[in-house]
Amino acid sequence: MNILLINGPNLNMLGTREPEIYGSETLSELVAALSSYATDTHGVTLRDFQSNIEGEIVTAVQDARHWADGILMNPGAYTHYSIAIRDAISSIDVPVIELHISNVHAREEFRHTSVLSAVCLGVIAGFGRHSYFNALDSMVRHLKS
Ligand code: CA2
């Protein structure tokens, strides 16, 4: 089983600023821990991709249709307005779980809207780094059921 993890804009800054919201772990530390967990606990392979560029994320989603069984995506701020990423998700048969580190519903009003959730399998938000692990567990359960 092959799972793609996509992190959107500014998530490369994890661990460097705003630790009270996003924690103190860097993105590469988080991805390393999640990859080990994916292999050791579920026997699945995790590939990861981070981009600050909308079109690169669209292309990663499109390419994933050739090899990925599922996609975990923290779309960052694109969550709230990227119709291009929404259309890319809609155009493939691969299930996508939208995930967020913070509880977007407890934050500014503009973060309460996601243009992506309706075309995703589900949404996980507010569990800090555990949102990633919860999303992986949920995707594996979904793919095995
Ligand atoms: O809670 C999340 O995971 C978000 O997707 C994070 C996005 C935000 O725009 C979404 O509303 C919710 C922002 C990512 C910024 O990440 C940073 C991490 C450390 C320092 C600065 C930014």
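The values are calculated or read from the model by the stated rules, or taken from the named source; none is laboratory data. Owing to the predicted nature of the structure, the values given are computational and were not obtained by experimental measurement. Cβ placement follows ideal geometry from the backbone for every residue including glycine, while neighbour counts extend to all protein chains displayed. Just the protein is used for accessible areas: all its heavy atoms, side chains included, with ligands, DNA and RNA removed. Shrake-Rupley method; radii C 1.70, N 1.55, O 1.52, S 1.80 Å.
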Under a 1.4 Å probe, counting only protein heavy atoms, ILE21 has an accessible area in Å², nearest 10, of 60 Å²
Solution diffusion estimate, µm²/s, Stokes-Einstein, the chain, Kirkwood Rh from C-alpha pairs, 25 °C, viscosity 0.890 mPa s:
163 µm²/s
Can you give the net charge of the other residues whose Cβ lies under 15 Å from the Cβ of SER35, counting K and R as +1 and D and E as -1?
-3
Counting only DSSP loop positions in region 26-129, the chymotrypsin sites (Phe, Trp or Tyr not before Pro) whose Cβ has at most 16 other Cβ atoms within 10 Å are TRP67, TYR81, PHE127
I'd like the distance separating the alpha-carbon centroids of region 90-145 and region 10-82, in whole Å.
12 Å
Any idea of GLU25's accessible area? Nearest 10 Å², probe 1.4 Å.
50 Å²
Nitroxide proxy distance, nm - points 7 Å out along Cα→Cβ at GLN62 and SER28:
3.0 nm
THR39 accessible area, nearest 10 Å², 1.4 Å probe?
80 Å²
Sum of side-chain charges, ARG86 neighbourhood, beta-carbon under 14 Å (Lys, Arg +1; Asp, Glu -1):
-3
For the full complex of protein chains and a 1.4 angstrom probe, list SER82, SER24 by accessible area with the highest value first.
SER24, SER82
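Using the Cβ atoms and a cut-off under 13 Å, what net charge is assigned to the surroundings of LEU136, where Lys and Arg are +1 and Asp and Glu are -1? Kindly include the intermediate steps, with their values, before the conclusion.
Details: positive: ARG47, ARG129, ARG141, LYS144; negative: ASP40, ASP48, ASP69, ASP137.
Taking every other residue near LEU136 into account, the sum is 0.
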